[in-house]
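Heads up, the thing below is written out as structure tokens.
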There are 2 protein chains.
Amino acid sequence: MKKEETEKILALLKSEGKRLTSKRALVYQVIQESESHLPAEEIYLRAKAIDPNISLSTVYRTLNILKELGLVRELHLDEEHHHYELVGGTAHYHMICSQCGKVEEFKSKLVERLTEELEKNYGFETKSIHIDFIGLCANCRSKT
Amino acid sequence: MKKEETEKILALLKSEGKRLTSKRALVYQVIQESESHLPAEEIYLRAKAIDPNISLSTVYRTLNILKELGLVRELHLDEEHHHYELVGGTAHYHMICSQCGKVEEFKSKLVERLTEELEKNYGFETKSIHIDFIGLCANCRSKT
DNA sequence: GTCTCTGCAAACTGTTTGCAGGTAC
DNA sequence: GTACCTGCAAACAGTTTGCAGAGAC
């Protein structure tokens, strides 16, 4: 993990009277390196591969802290468990293939226009947006 | 529940070798009358008010069947439990107020345009769409 | 009469929490 | 040295399931 990032997180944690520990840095690193959304269990396994002492509770506790600090976002995809991804980077949304389960990301200017529309028509002030399209990916379509 | 609806459901159930029972009709009726998405627990409570003998397991079993038959949709809003709503009716999406928890529905032509865009750019064939805007509703905004 | 449904309680999965020892600062 | 952090096991919430009796067809 780069030094500037460590310091950003350290500052955030300190402002809440919390500490930066090796486990917390590890969890953050795993999420960051995946470049995609991961379920807690998977984060745990990847972290454990690096530090075999880490426990699942710590992963969950850390995820909740990172969530509170606004560093990590919790996704509710169409499954029974949650997924986590880094906040920051450009906003993006998901196309989920119901056949093979693959999750692709997309972005579109239309979403901004939709946000403006909701503001105008309903007076709604948007803070975050979740969009999931469920269907068939190009790959699975061509197989049919 | 109207006769034509009963018959639609009866036919669907029969085609799967299943039966139309009073409990199943009741669960369907509760969802239908709510005109909105309900968590399983709430469906259970409302059904129980009408038929005190119904159990939570039956509600869950029925929800799963209605889901398989394509009559009911399961939503993954930003909470720990699922919500259910009737399929059919016009497509709509959700604005969730993070302050008071109110869920409003909206629809927009922009969503269709987005669907076309994904088809064109990624070859993705959309079957269903979930959109949640999280933020402040007009009411909570004016209180600040 | 047969085969499906149901209620009950027990199991299961994902997540949270209490506690005693360990560690950052 | 003092909080805070951690692993462990136990608790928890939402959901599913096995079983024996009840009910649809």
Of the residues in segment B:1-16, those that are near DNA strand D (Cβ under 10 Å from one of its atoms) and free of Cβ contacts under 8 Å to residues at least 12 places away in the same chain come to B:LEU10, B:LYS14
Give the residue, chosen from A:LEU86, A:LEU26, that is closer than 24 Å to B:LEU118 by Cβ, more than 13 Å from every other protein chain (Cβ to nearest Cβ) and either touching a residue at least 40 places away in the same chain (Cβ under 8 Å) or in contact with a helix residue (DSSP H, G or I) (Cβ under 6 Å, 6 or more places away or on another chain) (or both).
-> A:LEU86
What number of residues in segment A:105-122 are facing another protein chain (nearest Cβ under 7 Å) and touching a helix residue (DSSP H, G or I) at 6+ places or on another chain (Cβ under 9 Å)?
-> 7
Quick one: B:GLN32 ticks every box in (1) more than 20 Å from B:ASP132 (Cα to Cα); (2) free of Cβ contacts under 8 Å to residues at least 24 places away in the same chain; (3) more than 16 Å from DNA strand D (Cβ to nearest atom) except a single one, so which number is it?
-> (2)
Can you tell me which residues in segment A:54-83 are more than 16 Å from DNA strand D (Cβ to nearest atom) and assigned to a strand (DSSP E or B)?
-> A:ARG73, A:LEU75, A:HIS83
Is it the case that segment A:62-74 has a residue that's at the interface with chain B (Cβ under 9 Å from one of its Cβ atoms) and surrounded by 14 or more Cβ atoms within 10 Å (Cβ to Cβ)?
-> yes
Quick check: anything in segment A:78-90 touching a Lys or Arg at 6+ places or on another chain (Cβ under 9 Å), hydroxyl-bearing (Ser, Thr, Tyr) and closer than 24 Å to B:ASP78 by Cβ?
-> yes
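We did not get these values from a lab; they are worked out from the coordinates using the rules stated. As the structure is a computational prediction, the values presented were derived from the model and not from experiment. FYI the Cβ positions are ideal-geometry reconstructions off the backbone, even for glycines, and counts take in every protein chain you see.
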